[in-house]
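The values are calculated or read from the model by the stated rules, or taken from the named source; none is laboratory data. Remember, predicted model here, so these are calculated numbers, not experimental data. Positions of Cβ are backbone-derived with ideal geometry, glycine not excepted, and every protein chain shown enters the neighbour counts. With ligands, DNA and RNA removed, areas are computed over all heavy atoms of the protein, side chains included. Shrake-Rupley method; radii C 1.70, N 1.55, O 1.52, S 1.80 Å.
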Amino acid sequence: MKRMLSGIKPTGQLHLGNYIGALRNFVKYQDDYELYVFIANLHCVTFYQEPRVLRKNLKDAIALYLACGLDPEKCTIFLQSDVFAHAQLGWLMACQSYMGELSRMTQFKEKSQKNDEGITAGLFTYPSLMAADILLYDADYVPVGDDQKQHVELARDLAIRFNNRYSETFVVPEPLSPKVGARIMSLSEPTKKMSKSDESDKGCIYLLDDLATVRKKIMSAVTDNLANVDYDKENQPGISNLLEIMSSLSGEAIDSIVSRYQGKGYGEFKKEVADVVCREIEMIQKKYDKIVKSDLIETTLKQGAEEASKISYRKLKKVQKKMGVDIF
Ligand code: AMP
Ligand code: TRP
(Lines give C-alpha, C1' and ligand atoms only; values in the text may rest on other atoms or scores of the structure.)
(Ligands and ions follow the chains in the order given, each with its own letter.)
Protein backbone atom coordinates (compact mmCIF):
# COMPACT_ATOMS: atom_id res chain seq x y z
CA MET A 1 0.00 0.00 0.00
CA LYS A 2 1.32 3.45 -0.89
CA ARG A 3 1.87 5.84 1.97
CA MET A 4 0.31 9.27 2.20
CA LEU A 5 0.83 12.08 4.67
CA SER A 6 -0.56 15.52 5.29
CA GLY A 7 -0.92 18.14 7.96
CA ILE A 8 -3.11 21.10 8.79
CA LYS A 9 -1.91 24.19 10.56
CA PRO A 10 -4.84 25.39 12.65
CA THR A 11 -3.81 28.94 13.55
CA GLY A 12 -7.52 29.72 13.28
CA GLN A 13 -10.75 27.82 13.08
CA LEU A 14 -10.98 25.35 10.19
CA HIS A 15 -13.03 26.62 7.28
CA LEU A 16 -14.80 25.34 4.21
CA GLY A 17 -11.64 25.84 2.10
CA ASN A 18 -9.70 23.52 4.41
CA TYR A 19 -12.54 21.04 4.31
CA ILE A 20 -12.97 20.91 0.54
CA GLY A 21 -9.30 21.41 -0.37
CA ALA A 22 -7.81 19.09 2.20
CA LEU A 23 -9.69 17.42 5.03
CA ARG A 24 -12.49 15.82 3.07
CA ASN A 25 -10.04 14.23 0.69
CA PHE A 26 -8.12 12.63 3.56
CA VAL A 27 -11.30 10.80 4.53
CA LYS A 28 -11.49 9.26 1.07
CA TYR A 29 -7.81 8.41 1.06
CA GLN A 30 -7.81 6.50 4.36
CA ASP A 31 -9.29 3.43 2.66
CA ASP A 32 -6.77 3.28 -0.17
CA TYR A 33 -3.54 4.45 1.42
CA GLU A 34 -1.56 4.02 4.57
CA LEU A 35 -2.47 7.48 5.80
CA TYR A 36 -0.73 9.73 8.33
CA VAL A 37 -2.36 13.01 9.27
CA PHE A 38 -1.15 15.40 11.86
CA ILE A 39 -1.87 18.76 13.38
CA ALA A 40 1.13 20.92 12.52
CA ASN A 41 1.24 22.78 15.83
CA LEU A 42 4.95 23.59 15.52
CA HIS A 43 4.14 25.35 12.27
CA CYS A 44 1.51 27.43 14.06
CA VAL A 45 3.92 29.37 16.20
CA THR A 46 5.97 31.14 13.53
CA PHE A 47 3.84 34.12 14.61
CA TYR A 48 2.77 34.85 18.17
CA GLN A 49 -0.38 32.95 19.10
CA GLU A 50 -2.41 33.61 22.20
CA PRO A 51 -1.80 30.31 24.07
CA ARG A 52 -5.38 29.83 25.21
CA VAL A 53 -6.73 30.42 21.72
CA LEU A 54 -4.13 28.19 20.11
CA ARG A 55 -4.95 25.33 22.48
CA LYS A 56 -8.63 25.61 21.64
CA ASN A 57 -7.95 25.73 17.90
CA LEU A 58 -5.75 22.65 18.07
CA LYS A 59 -8.32 20.70 20.01
CA ASP A 60 -11.14 21.79 17.72
CA ALA A 61 -9.09 20.82 14.70
CA ILE A 62 -8.62 17.27 15.97
CA ALA A 63 -12.28 17.01 16.90
CA LEU A 64 -13.18 18.22 13.41
CA TYR A 65 -10.79 15.77 11.73
CA LEU A 66 -12.63 13.02 13.56
CA ALA A 67 -16.06 14.53 12.95
CA CYS A 68 -15.38 14.75 9.22
CA GLY A 69 -14.82 11.01 9.17
CA LEU A 70 -11.15 10.33 9.79
CA ASP A 71 -11.04 7.03 11.62
CA PRO A 72 -8.17 6.35 14.06
CA GLU A 73 -8.55 2.63 13.29
CA LYS A 74 -7.81 3.27 9.62
CA CYS A 75 -5.17 6.00 9.79
CA THR A 76 -2.66 7.53 12.18
CA ILE A 77 -3.65 10.90 13.64
CA PHE A 78 -1.19 12.77 15.81
CA LEU A 79 0.06 16.08 17.11
CA GLN A 80 3.37 17.13 15.54
CA SER A 81 5.01 18.19 18.80
CA ASP A 82 4.23 14.80 20.42
CA VAL A 83 6.63 13.17 17.98
CA PHE A 84 10.10 14.50 18.73
CA ALA A 85 11.71 13.39 15.50
CA HIS A 86 9.95 16.22 13.60
CA ALA A 87 11.84 19.04 15.28
CA GLN A 88 15.07 17.04 15.14
CA LEU A 89 14.90 16.24 11.44
CA GLY A 90 13.57 19.76 10.89
CA TRP A 91 16.90 21.11 12.07
CA LEU A 92 18.87 18.68 9.93
CA MET A 93 16.74 19.66 6.92
CA ALA A 94 17.31 23.36 7.65
CA CYS A 95 20.98 22.50 7.32
CA GLN A 96 20.33 21.04 3.85
CA SER A 97 18.31 24.06 2.69
CA TYR A 98 19.85 27.10 1.05
CA MET A 99 18.94 30.66 2.00
CA GLY A 100 18.26 31.32 -1.70
CA GLU A 101 15.63 28.61 -2.10
CA LEU A 102 13.89 29.45 1.18
CA SER A 103 13.78 33.13 0.17
CA ARG A 104 11.99 32.17 -3.02
CA MET A 105 9.06 30.55 -1.22
CA THR A 106 5.91 32.47 -2.13
CA GLN A 107 4.31 31.97 1.26
CA PHE A 108 7.35 33.37 3.01
CA LYS A 109 7.46 36.37 0.70
CA GLU A 110 3.78 37.11 1.19
CA LYS A 111 3.70 36.61 4.93
CA SER A 112 6.88 38.54 5.57
CA GLN A 113 5.60 41.47 3.54
CA LYS A 114 2.28 41.54 5.36
CA ASN A 115 3.73 41.37 8.83
CA ASP A 116 5.43 44.43 10.22
CA GLU A 117 5.96 43.16 13.76
CA GLY A 118 9.14 41.30 12.93
CA ILE A 119 9.65 38.16 10.95
CA THR A 120 10.81 35.15 12.91
CA ALA A 121 13.54 32.79 11.78
CA GLY A 122 10.90 30.07 12.17
CA LEU A 123 8.81 31.59 9.39
CA PHE A 124 11.85 31.39 7.14
CA THR A 125 12.79 27.77 7.92
CA TYR A 126 9.17 26.58 8.03
CA PRO A 127 9.50 24.76 4.68
CA SER A 128 12.52 22.80 5.97
CA LEU A 129 10.43 21.58 8.91
CA MET A 130 7.63 20.72 6.52
CA ALA A 131 10.08 18.71 4.41
CA ALA A 132 11.09 16.82 7.56
CA ASP A 133 7.42 16.12 8.37
CA ILE A 134 7.04 14.47 5.00
CA LEU A 135 10.39 12.70 4.62
CA LEU A 136 10.31 11.08 8.07
CA TYR A 137 7.49 8.81 6.92
CA ASP A 138 8.70 7.96 3.41
CA ALA A 139 5.43 9.41 2.13
CA ASP A 140 4.74 8.68 -1.54
CA TYR A 141 1.97 11.27 -1.78
CA VAL A 142 1.22 14.53 -0.01
CA PRO A 143 -2.30 15.84 -0.59
CA VAL A 144 -2.28 19.63 -0.30
CA GLY A 145 -4.06 22.67 -1.64
CA ASP A 146 -2.38 24.69 -4.38
CA ASP A 147 -0.71 27.07 -1.98
CA GLN A 148 1.37 24.31 -0.40
CA LYS A 149 2.62 22.72 -3.60
CA GLN A 150 5.80 24.76 -3.67
CA HIS A 151 6.70 23.49 -0.20
CA VAL A 152 6.26 19.90 -1.31
CA GLU A 153 8.50 20.66 -4.29
CA LEU A 154 11.16 21.80 -1.84
CA ALA A 155 10.74 18.55 0.12
CA ARG A 156 11.41 16.71 -3.14
CA ASP A 157 14.51 18.77 -3.83
CA LEU A 158 15.84 18.16 -0.34
CA ALA A 159 15.16 14.42 -0.57
CA ILE A 160 17.00 14.19 -3.88
CA ARG A 161 19.86 16.32 -2.59
CA PHE A 162 20.22 14.20 0.53
CA ASN A 163 20.01 10.91 -1.39
CA ASN A 164 22.72 12.08 -3.78
CA ARG A 165 24.98 13.34 -1.05
CA TYR A 166 24.61 10.53 1.50
CA SER A 167 23.14 7.59 -0.52
CA GLU A 168 19.52 6.53 -0.94
CA THR A 169 17.62 7.46 2.23
CA PHE A 170 14.34 9.20 1.47
CA VAL A 171 11.38 8.46 -0.76
CA VAL A 172 10.85 11.45 -3.08
CA PRO A 173 7.25 12.57 -2.37
CA GLU A 174 4.69 13.82 -4.84
CA PRO A 175 2.11 16.54 -4.19
CA LEU A 176 -1.49 15.63 -4.91
CA SER A 177 -4.18 18.25 -5.34
CA PRO A 178 -7.89 17.79 -5.95
CA LYS A 179 -9.19 18.66 -9.43
CA VAL A 180 -12.16 20.64 -8.18
CA GLY A 181 -11.89 22.62 -4.99
CA ALA A 182 -8.11 23.02 -4.75
CA ARG A 183 -8.68 26.70 -4.30
CA ILE A 184 -11.94 27.79 -2.74
CA MET A 185 -12.23 31.55 -2.91
CA SER A 186 -13.48 34.11 -0.43
CA LEU A 187 -17.22 34.77 -0.68
CA SER A 188 -16.74 38.50 -0.25
CA GLU A 189 -13.66 38.86 -2.48
CA PRO A 190 -13.79 35.96 -4.93
CA THR A 191 -10.42 36.74 -6.45
CA LYS A 192 -8.71 35.92 -3.13
CA LYS A 193 -8.67 32.50 -1.55
CA MET A 194 -10.93 31.73 1.37
CA SER A 195 -8.72 32.12 4.38
CA LYS A 196 -8.85 32.61 8.11
CA SER A 197 -6.71 35.70 7.60
CA ASP A 198 -9.58 37.32 5.68
CA GLU A 199 -10.02 40.86 6.83
CA SER A 200 -13.75 40.50 7.17
CA ASP A 201 -15.41 37.31 8.38
CA LYS A 202 -18.04 37.49 5.68
CA GLY A 203 -15.96 35.75 3.06
CA CYS A 204 -15.01 32.73 5.12
CA ILE A 205 -17.33 29.93 6.26
CA TYR A 206 -16.05 28.23 9.38
CA LEU A 207 -16.98 24.62 10.02
CA LEU A 208 -18.19 25.67 13.47
CA ASP A 209 -20.24 28.69 12.31
CA ASP A 210 -23.89 28.34 13.25
CA LEU A 211 -26.07 27.38 10.31
CA ALA A 212 -27.91 30.70 10.13
CA THR A 213 -24.57 32.46 9.74
CA VAL A 214 -23.46 30.01 7.05
CA ARG A 215 -26.63 30.64 5.09
CA LYS A 216 -26.33 34.40 5.46
CA LYS A 217 -22.73 34.38 4.24
CA ILE A 218 -23.66 32.41 1.14
CA MET A 219 -26.75 34.48 0.37
CA SER A 220 -24.67 37.65 0.52
CA ALA A 221 -21.73 36.25 -1.47
CA VAL A 222 -20.39 38.71 -4.03
CA THR A 223 -21.45 37.87 -7.60
CA ASP A 224 -21.63 40.00 -10.75
CA ASN A 225 -24.22 41.72 -12.92
CA LEU A 226 -24.19 39.22 -15.80
CA ALA A 227 -27.24 37.51 -14.30
CA ASN A 228 -26.41 34.10 -15.70
CA VAL A 229 -25.07 31.07 -13.83
CA ASP A 230 -21.94 30.18 -15.76
CA TYR A 231 -18.56 28.67 -14.97
CA ASP A 232 -16.22 31.45 -16.06
CA LYS A 233 -13.55 32.11 -13.48
CA GLU A 234 -12.27 35.22 -15.17
CA ASN A 235 -15.50 37.15 -15.67
CA GLN A 236 -17.64 35.50 -13.00
CA PRO A 237 -15.30 34.52 -10.16
CA GLY A 238 -17.99 34.64 -7.48
CA ILE A 239 -20.48 32.41 -9.29
CA SER A 240 -17.70 30.05 -10.41
CA ASN A 241 -16.57 29.70 -6.81
CA LEU A 242 -20.10 28.85 -5.65
CA LEU A 243 -20.32 26.31 -8.46
CA GLU A 244 -17.09 24.68 -7.32
CA ILE A 245 -18.25 24.58 -3.72
CA MET A 246 -21.56 23.02 -4.66
CA SER A 247 -20.12 20.55 -7.13
CA SER A 248 -17.44 19.31 -4.79
CA LEU A 249 -19.91 18.79 -1.95
CA SER A 250 -22.80 17.29 -3.91
CA GLY A 251 -20.77 15.36 -6.46
CA GLU A 252 -22.85 16.83 -9.31
CA ALA A 253 -20.76 17.94 -12.28
CA ILE A 254 -20.41 21.71 -12.75
CA ASP A 255 -21.84 21.48 -16.30
CA SER A 256 -24.94 19.80 -15.01
CA ILE A 257 -25.53 22.47 -12.34
CA VAL A 258 -24.98 25.21 -14.91
CA SER A 259 -27.54 23.73 -17.27
CA ARG A 260 -30.11 23.32 -14.51
CA TYR A 261 -29.85 27.04 -13.76
CA GLN A 262 -30.08 28.46 -17.26
CA GLY A 263 -32.57 31.32 -17.24
CA LYS A 264 -32.87 31.32 -13.47
CA GLY A 265 -31.73 33.96 -11.00
CA TYR A 266 -28.75 34.03 -8.65
CA GLY A 267 -31.05 34.03 -5.60
CA GLU A 268 -32.39 30.60 -6.36
CA PHE A 269 -28.93 29.27 -7.15
CA LYS A 270 -27.46 30.63 -3.93
CA LYS A 271 -30.28 29.07 -1.95
CA GLU A 272 -29.38 25.61 -3.25
CA VAL A 273 -25.68 26.22 -2.56
CA ALA A 274 -26.62 27.21 0.98
CA ASP A 275 -28.75 24.07 1.39
CA VAL A 276 -25.92 21.83 0.25
CA VAL A 277 -23.32 23.52 2.44
CA CYS A 278 -25.59 23.64 5.51
CA ARG A 279 -26.47 19.98 5.19
CA GLU A 280 -22.80 19.02 5.16
CA ILE A 281 -21.84 21.35 8.00
CA GLU A 282 -24.76 20.27 10.17
CA MET A 283 -23.66 16.66 9.91
CA ILE A 284 -20.12 17.56 10.89
CA GLN A 285 -21.23 19.68 13.83
CA LYS A 286 -23.46 16.94 15.26
CA LYS A 287 -20.51 14.56 15.36
CA TYR A 288 -18.21 17.29 16.67
CA ASP A 289 -20.52 17.93 19.65
CA LYS A 290 -20.35 14.27 20.66
CA ILE A 291 -16.58 14.01 20.19
CA VAL A 292 -15.67 17.00 22.34
CA LYS A 293 -17.65 15.49 25.21
CA SER A 294 -15.87 12.14 24.93
CA ASP A 295 -12.25 11.12 25.54
CA LEU A 296 -11.73 10.25 21.88
CA ILE A 297 -9.34 13.15 21.23
CA GLU A 298 -7.00 12.08 24.00
CA THR A 299 -6.97 8.39 23.12
CA THR A 300 -6.55 9.11 19.41
CA LEU A 301 -3.55 11.35 19.97
CA LYS A 302 -1.91 8.94 22.39
CA GLN A 303 -2.22 6.02 20.03
CA GLY A 304 -1.21 8.19 17.04
CA ALA A 305 1.91 9.53 18.74
CA GLU A 306 3.05 6.02 19.64
CA GLU A 307 2.71 4.75 16.09
CA ALA A 308 4.23 7.82 14.48
CA SER A 309 7.12 7.91 16.94
CA LYS A 310 8.13 4.35 16.13
CA ILE A 311 8.40 4.96 12.39
CA SER A 312 9.91 8.41 12.54
CA TYR A 313 12.52 7.53 15.16
CA ARG A 314 13.90 4.78 12.94
CA LYS A 315 14.20 7.22 10.04
CA LEU A 316 15.80 9.90 12.14
CA LYS A 317 18.44 7.47 13.40
CA LYS A 318 19.21 6.41 9.86
CA VAL A 319 19.69 10.02 8.79
CA GLN A 320 21.88 10.84 11.78
CA LYS A 321 24.04 7.82 11.03
CA LYS A 322 24.45 8.74 7.40
CA MET A 323 25.37 12.30 8.27
CA GLY A 324 27.93 11.20 10.80
CA VAL A 325 26.08 12.89 13.64
CA ASP A 326 25.40 9.63 15.44
CA ILE A 327 28.43 7.78 16.74
CA PHE A 328 27.17 4.27 17.57
P1 AMP B 1 -4.08 26.31 5.97
O2 AMP B 1 -5.39 26.58 6.61
O3 AMP B 1 -3.60 27.44 5.12
O4 AMP B 1 -3.07 25.79 6.93
O5 AMP B 1 -4.34 25.11 4.95
C6 AMP B 1 -4.62 23.78 5.32
C7 AMP B 1 -4.91 22.97 4.11
O8 AMP B 1 -6.10 23.42 3.50
C9 AMP B 1 -3.82 23.07 3.03
O10 AMP B 1 -3.69 21.85 2.35
C11 AMP B 1 -4.33 24.15 2.14
O12 AMP B 1 -3.81 24.09 0.86
C13 AMP B 1 -5.83 23.87 2.18
N14 AMP B 1 -6.56 25.13 1.97
C15 AMP B 1 -6.49 26.25 2.70
N16 AMP B 1 -7.28 27.23 2.22
C17 AMP B 1 -7.87 26.68 1.12
C18 AMP B 1 -8.80 27.16 0.16
N19 AMP B 1 -9.31 28.39 0.23
N20 AMP B 1 -9.18 26.34 -0.83
C21 AMP B 1 -8.71 25.08 -0.92
N22 AMP B 1 -7.83 24.56 -0.05
C23 AMP B 1 -7.41 25.34 0.95
N1 TRP C 1 2.31 23.91 5.80
C2 TRP C 1 1.02 23.30 5.80
C3 TRP C 1 -0.07 24.36 5.85
O4 TRP C 1 0.17 25.51 5.94
C5 TRP C 1 0.85 22.37 6.96
C6 TRP C 1 1.87 21.29 6.94
C7 TRP C 1 2.94 21.20 7.77
C8 TRP C 1 1.92 20.19 6.06
N9 TRP C 1 3.66 20.08 7.48
C10 TRP C 1 3.08 19.44 6.45
C11 TRP C 1 1.13 19.76 5.01
C12 TRP C 1 3.46 18.29 5.76
C13 TRP C 1 1.52 18.59 4.34
C14 TRP C 1 2.67 17.87 4.71
O15 TRP C 1 -1.21 23.99 5.84
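Values as computed for the structure displayed
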{"read-out": "Relative packing of 315-322, 127-134, which averages over residues the other C-beta atoms within 10 Å, highest first", "value": "127-134, 315-322"}
{"read-out": "Rough spin-label spacing in nm, given labels placed 7 Å along Cα→Cβ, for Val53 and Glu298", "value": "2.8 nm"}
{"read-out": "Backbone N within the range 230-267 under 18 Å of label point (7 Å from Arg279 Cα along the Cβ vector)", "value": "242-261"}
{"read-out": "Cβ-Cβ FRET estimate between Met219 and Lys286, R0 fixed at 41 Å, reported to 0.05", "value": "0.95"}
{"read-out": "Charge dipole (the chain, unit charges on Cβ, about Cα centre) - positive-most of Met105, Met194, Leu23", "value": "Met105"}
{"read-out": "For Gly7, residues with placed amide H under 5 Å, excluding near neighbours", "value": "Phe38"}
{"read-out": "Spin-label model distance (nm) - Lys149 vs Gln262, 7 Å beyond Cα toward Cβ", "value": "3.2 nm"}
{"read-out": "R0 of 25 Å, Cβ-Cβ distance Thr191-Ala227: FRET efficiency to nearest 0.05", "value": "0.80"}
{"read-out": "Net charge contributed by nearby residues that have their C-beta within less than 12 Å of Leu211 (K/R +1, D/E -1)", "value": "0"}
{"read-out": "Equivalent-ellipsoid semi-axes of the range 178-257, from the Cα gyration tensor, Å, largest first", "value": "19, 15, 13"}
{"read-out": "Nearest-20 debye value, the chain charge dipole, Cβ charges on Lys, Arg, Asp, Glu", "value": "640 debye"}
{"read-out": "Charge tally in the Cβ shell below 9 Å around Gln236, where Lys, Arg are +1 and Asp, Glu are -1, Gln236 excluded", "value": "-3"}
{"read-out": "Rounded if a/c under 1.5, otherwise prolate or oblate - the range 233-328, Cα gyration tensor axes", "value": "oblate"}
{"read-out": "Spatial separation of Cα centroids for the range 1-53 and the range 262-306, in angstrom", "value": "15 Å"}
{"read-out": "Fraction of accessible area attributable to carbon and sulfur, the range 148-221 (%, probe 1.4 Å)", "value": "49 percent"}
{"read-out": "Lys, Arg +1 and Asp, Glu -1 on Cβ, resulting dipole of the range 211-289 about Cα centre, debye, nearest 20", "value": "380 debye"}
{"read-out": "Sites Ser167 and Trp91, calculated FRET efficiency, Cβ-Cβ separation with R0 25 Å, nearest 0.05", "value": "0.75"}
{"read-out": "The range 211-289: relative contact order in percent, alpha carbon pairs under 8 Å with at least 6 residues between", "value": "38 percent"}
{"read-out": "Net charge of Cβ neighbours under 13 Å - reference Val171; Lys, Arg +1; Asp, Glu -1", "value": "0"}
{"read-out": "Lys/Arg +1, Asp/Glu -1 at C-beta; the range 211-289 dipole; positive extreme among Val229, Ser259, Ile281", "value": "Ile281"}
{"read-out": "Potential lengthening between Lys271 and Tyr98 on full extension [0.36 nm per residue; Cα-Cα distance subtracted]", "value": "57.3 nm"}
{"read-out": "Hz values of 3J(HN,Hα) by residue in the range 133-150 - Karplus curve (6.51, -1.76, 1.60), Gly and Pro given as x", "value": "3, 7, 6, 4, 9, 6, 5, 7, 10, 10, x, 9, x, 3, 5, 9, 4, 4"}
